[in-house]
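Read through the structure below, which is laid out as structure tokens, and then see the notes.
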Amino acid sequence: MSSKQPSTPRQQDQVVDDDDVTSPFNTNNQTRKKNRKRKRSAQTTDDSHMNNNKNSWSSGSYPYPTDYNDHFETPACAYADIYPLLQYHLQKNKKSNNEAVIIYDPYFCTGSAATLMEQTFQRNKDKLPLPSPVRIHHKKADFYVDIKQNKFPQYDILVTNPPYSSNHKERCLEFAVNQLKTNGRPFFLLMPNYVSTKEYFRKSTQTIKVVFIAPSSNHPYEYSHPEGTGHEKSPFESVWFCGVSGNEDMKALKDYFVKFHSKHTSSNPTPRWAESLQGLIKVGGVSGEKRKNPRQRKKMRLLAMQKAGTGACGPPSRITQAKNAIFPPGEQKKDGIEKKRCERKKQNKAKKGKRDA
């Protein structure tokens with residue numbers, strides 16, 4: 001029930017329409033108020049319209065909460081980079097009755113992930129044949145509800161690119177590691193490279209082995225939004241986090257990976273291999289420096305724009321350029337304070353001279 005009470009007849013009689021105000025002292029003020037209201041309402045309408053478009057695109061198409069900025073498709077080259085590792089594990093999981101090995105991708109965007117994976121298998125099967133049939137389980141379902149109700153498929157290999165917002169990365173990693181420990185199911189998670197530096201990643205992967213597959217330094221993974229929106233380049237690099245059992249022969253696995261790429265990808269960029277955080281830093285897959293907070297990252301972007309001579313309002317004016325050349329931006333404020341202090345001293349000295357006279 002609304003707490004707002006209807007106005008009484010007396011209150012209604014006291015209401016005055018802005019258009020009826022004829023006083024010259026009130027006209028300008030009332031006009032300004034009305035203009036501000038119109039501007040505010042128009043801006044609110046535009047914002048709500050934009051948000052409604054995004055929400056209708058996401059919530060109207062999916063039976064679970066989504067974030068518009070999470071809908072970016074995994075590039076085909078990312079699947080090509082891990083193909084020899086997938087083939088290696090398909091061979092290990094080969095079933096006696098020639099039954100299909102199930103690859104599970106729980107995060108659904110437009111369904112193209114399954115198509116791209118199938119195309120990768122078709123392109124490379126002549127170079128490195130698949131040991132058994134493959135079935136990709138990639139459907140529009142609420143992954144977290146399926147986990148809670150224990151309705152997710154009994155898969156053999158987990159290959160997915162989880163949403164990067166909120167705590168999806170942590171939840172996906174927790175599920176993947178748990179399934180590897182309890183059921184021996186390897187995982188391949190395409191996540192931001194900075195995840196490798198996080199404490200939650202270190203703690204959750206202590207008893208398993210993780211291989212990092214990073215793209216070529218000159219060709220990082222590029223993502224595309226179904227609506228063609230977003231930045232041309234990703235603000236950070238993505239890396240494959242490949243989880244294998246603790247007793248896996250890492251030398252044999254690496255030799256298998258290197259042999260395939262050195263033989264079949266001579267004309268294409270070669271992905272980088274690392275078995276630890278230090279190894280990933282060494283090959284340039286991630287920075288060894290601590291990741292800055294959002295405010296610091298924003299400041300760095302603004303400084304980079306200033307150095308490039310661009311910004312939100314275009315290049316700096318000639319006056320600003322001359323001012324920055326004489327005084328660095330950080331010193332301009334100090335210079336202003338010193339100027340005021342000198343003026344104050346002169347005024348006090350002049351007053352003292354008058355008194356003495």
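The values are calculated or read from the model by the stated rules, or taken from the named source; none is laboratory data. All figures in this text were calculated on a predicted structure; none of them were measured in a lab. All Cβ positions, even for glycine, are placed from backbone atoms using ideal geometry, and neighbour counts span all protein chains on display. Keep in mind that these areas ignore ligands, DNA and RNA; they rest on the heavy atoms of the full protein, side chains included. Shrake-Rupley method; radii C 1.70, N 1.55, O 1.52, S 1.80 Å.
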Residue, modelled with the highest pLDDT, within the stretch 254-281, restricted to residues that are part of a helix (DSSP H, G or I), more than 24 Å from ILE208 (Cβ to Cβ) and open to solvent by 60 Å² or more (accessible area, probe 1.4 Å) = LYS259
task = Kindly indicate the residue of the stretch 69-110 that is farther than 24 Å from GLU237 by Cα and touching a helix residue (DSSP H, G or I) at 6+ places or on another chain (Cβ under 6 Å) and also most open to solvent (accessible area, probe 1.4 Å) among those meeting that condition.
result = TYR88
ask   = Just to be sure, is GLY284 modelled with pLDDT of 60 or more, more than 17 Å from SER216 (Cβ to Cβ) and open to solvent by less than 90 Å² (accessible area, probe 1.4 Å)?
value = no
task = Kindly indicate whether ALA141 is farther than 20 Å from PRO75 by Cα, of a type in the set (Gly, Ala, Ser) and surrounded by 14 or more Cβ atoms within 10 Å (Cβ to Cβ).
result = yes
remark   = Here the qualifying pairs (Cβ atoms under 8 Å; residues six or more apart or on different chains; first in the stretch 236-252 and free of Cβ contacts under 8 Å to residues at least 60 places away in the same chain and assigned to a loop (DSSP other than H, G, I, E, B); second open to solvent by less than 10 Å² (accessible area, probe 1.4 Å) and aliphatic (A, V, I, L, M)) come out as GLU237/ALA214
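Yes/no matrix, rows are residues, columns are (1) touching a Lys or Arg at 6+ places or on another chain (Cβ under 7 Å); (2) farther than 28 Å from GLN119 by Cα; (3) among the hydrophobic types (A, V, I, L, M, F, W, C):
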residue	(1), (2), (3)
ASP146	no, no, no
TYR155	yes, no, no
SER166	no, yes, no
GLU170	no, yes, no
query = Among (1) out of contact with any Pro (no Cβ under 6 Å at 6 or more places or on another chain); (2) over 22 Å from THR270 (Cα atoms); (3) at pLDDT 90 or above; (4) part of a helix (DSSP H, G or I), which single condition is LEU85 missing?
reply = (2)
